[in-house]
Amino acid sequence: MQTSRNVYIETYGCQMNMADTEIVLSIMRDAGFTRTNLLTHADVVLVNTCAVRDNAEQRIIGRLGDFNHYKKSHPNAIVGVLGCMAERVRRNIMESEDFVDLLVGPDEYRKLPALIEAAKEGGKGIAVKLSRVENYDDIIPFRTEGLSAWISIMRGCDKFCTFCVVPFTRGRERSRLQAKVLKEVEEVARRGFKEATLLGQNVNSYWDGAYDFPDLLAAVADVDQSLRIRFMTSHPQDMSDKLITTIASRSNICNYIHLPVQSGSDRILELMNRTYTADHYLNLVRKIKEAIPGISLSTDIITGFSTETEDDHKQTLDLLKAVEYDGAYTFKYSPRENTKAWSMNDDVPEEVKSRRLSEVIDIQRNISLHRNKTMIGQTVGVLVEGPSKKSAADFCGRTDTNKMVVFPKNGDAVGDFIEVRIERANSATLFGTQEYVFHQPPAFITREN
Ligand code: SAH
Ligand code: SF4
Ligand code: F3S
């Protein structure tokens, strides 16, 4: 019997899922499959899913309807649901979406080729066991050419924030060996990537038995001075002085920290099991700003968590104003089955959650606008990423502080590090003109001294 050869994959959710898709593609390639970007060419259709909020799952369920449709015209096609939703919803997906052939959780991707073979014979494959050790250390992710590489340094999460499904979908925290991460960084540098982002649900608790996260970050930055290094996500409780000093000590470690606070109310933070207070957080921010001038900070905020009052909400708004983030990702609380908060009352009405969300967004938009306007007149280093979405005559790229900059094309090319003088700004984007093109690392162009 002829083996099916083309695999089509769609990815939802966070960067860790993007990185996992590259692992899946590597496993599939070794099993003889070719990646296709066209659904109509697919013998195997995979969807790498996210379960973090109900609307993420609903979107995926909607998309599965399209794959059901595809399967009707391509009866031999195999449809597989991978990732966090496969892990969370398990067998129920197979029951409600009976065209799905495979369910494979985040720690079971090595089984994919065998499960696909079995599915071709008409079997249904379910592999959703979580592992304490799987970190795919020996698998070189399938990376297409590009500027930015994702590098998972750990898997899982042990924090158990009461609202969060991730510890249940990704299991216990485990770190990859520093030596393996460094090998991967060397490879992406050799292949010409310009940026590497180290990924983990809480990178600050990285520990491989000998090295902690600051050790790893410094070693990664030293692999190649011309490679920009980013990382996410940092849990505010585990952010050490050593990490702050390390970020300040290497010019190719980006001056950008995503430091989710979730709420400004101590009462809510406690109910969320975030294990810090607003004061602890604000002190941390003060320390970071002192040690790393020009640092850019972003956060995640949840509005309408169980029992959240107007006063709790106001404390979140006050914290946003006190920190002056460069950006915020904002979410309405979405109760997730099996989490601790599932048994608390989801008692904030939908319209109140929405109104509080818009208030958070409005305040943050003004702060971002103000922060961006202070950049006018400054010259910033930018990595050219590609054409601007709005105008073919313009390029766009990012500063090391993760701000998007749009500027007219002027002899520069994607992948160049250039200097741009900022002339205008809105809350999301800086606009300017190019001053110099460097074929040099950002280290040469982003430091004040
Ligand atoms: N590990 C990271 C992020 C995990 S999920 C961290 O700790 O920051 C990304 C964001 O989704 C979270 O920071 C949180 O703001 C949001 N989130 C997670 N679960 C949620 C839920 N049940 N409802 C609404 N937002 C949620
Ligand atoms: Fe979820 Fe909290 Fe872990 Fe982040 S730190 S993944 S919010 S449990
Ligand atoms: Fe979603 Fe799983 Fe990431 S739930 S946010 S894809 S870890």
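The values are calculated or read from the model by the stated rules, or taken from the named source; none is laboratory data. Because the structure is predicted, anything quoted here is derived from the model rather than measured. Quick reminder, even Gly has a Cβ in these numbers, built from the backbone with ideal geometry, and neighbours come from all protein chains shown. Accessible surface areas use protein heavy atoms only, side chains included; no ligands, DNA or RNA. Shrake-Rupley method; radii C 1.70, N 1.55, O 1.52, S 1.80 Å.
Got the relative contact order for region 379-445 handy, in percent, Cα pairs under 8 Å and 6 or more residues apart?
Value for region 379-445: 32 percent.
For region 220-282, what is the accessible area per residue in Å², given a 1.4 Å probe and the full set of protein chains?
For region 220-282, the per-residue accessible area is 32 Å².
Could you pull out every Cys in the chain that lacks a partner Cys with its beta carbon under 4.7 Å away?
14, 50, 84, 157, 254, 396
Rounded to two decimals, what ratio of Rg to Rh does region 209-331 give with C-alpha atoms and a Kirkwood Rh?
Checking Rg against Rh, the ratio lands at 1.01.
Near residue 370, within a Cβ-to-Cβ distance under 15 Å, what is the net charge of the other residues, with Lys and Arg +1 and Asp and Glu -1?
So the environment of residue 370 carries a net charge of +3.
How big is the shadow of the Cα convex hull of region 6-127, averaged over all directions, in nm²?
That works out to 6.5 nm².
Among 104, 301, 285, pick out the residue whose Cα is farthest towards the positive end of the charge dipole of the chain, where Lys and Arg carry +1 and Asp and Glu carry -1 on C-beta, about the Cα centre.
Towards the positive end, the residue furthest out is 104.
Could you derive backbone 3J(HN,Hα) for region 326-332 from the dihedral phi with the Karplus parameters 6.51, -1.76 and 1.60 (θ = phi - 60°), listing whole Hz in sequence and x where the residue is Gly or Pro?
Those phi angles translate into 7, x, 9, 9, 10, 9, 7 Hz.
Which far-off residues, 5 or more places away or on another chain, put their amide H under 5 Å from the one on residue 228, with H placed in the peptide plane?
For residue 228, whose amide H was placed from the backbone, the distant partners under 5 Å are 195, 196.
Charges only on Cβ, +1 for Lys and Arg, -1 for Asp and Glu: so what's the dipole of the chain about the Cα centre, in debye to the nearest 20?
480
Hey, rough spin-label estimate for residue 275 and residue 96, points 7 angstrom out along Cα→Cβ, what's it come to in nanometres?
Spacing of the two 7 Å Cα→Cβ label points: 3.3 nm.
Could you tell me the relative contact order of the chain? Use alpha-carbon pairs under 8 Å, at least six residues apart, and round to a whole percent.
The value is 10 percent.
Amide H of residue 409: which non-local residues (sequence gap of 5 or more, or other chain) have their own amide H closer than 5 Å, using H built in the peptide plane?
394, 395
Would you mind calculating the relative contact order of region 325-385 from Cα pairs under 8 angstrom and at least 6 residues apart, reporting the percent as a whole number?
So the answer I get is 49 percent.
Taking the full set of protein chains and a 1.4 angstrom probe, give the accessible area of residue 131 in square angstrom, rounded to the nearest 10.
30
Of the peptides 150-157, 319-326, 91-98, how do they stack up when ordered by the mean number of other Cβ atoms within 10 Å, highest first?
So the peptides 150-157, 319-326, 91-98, ranked by packing, come out 150-157, 319-326, 91-98.
Report, largest value first, the span of the C-alpha coordinates of region 119-211 along each principal axis, in whole Å.
For region 119-211, the Cα extents along the three principal axes come out at 41, 39, 25 Å.
Rank these residues by their accessible area, most exposed first, probe 1.4 Å: 5, 365.
365, 5
Taking amide H atoms as placed 1.01 Å from N in the peptide plane, list the residues 5 or more away in sequence, or in a different chain, whose amide H sits under 5 Å from that of residue 330.
HN-HN under 5 Å from residue 330: 301.
Using 0.36 nm per residue of separation minus the Cα-Cα distance, give me the extension gain between residue 343 and residue 35 in nm, one decimal.
106.6 nm
Could I have the simple spin-label model distance between residue 137 and residue 351, label points 7 Å from Cα toward Cβ, reported in nm to one decimal?
Taking the two extended label points, one gets 5.6 nm.
In the chain, what is the volume of the convex hull around the alpha carbon atoms, normalised per residue and reported in Å³?
Expressed per residue, the convex hull around the Cα atoms of the chain is 150 Å³.
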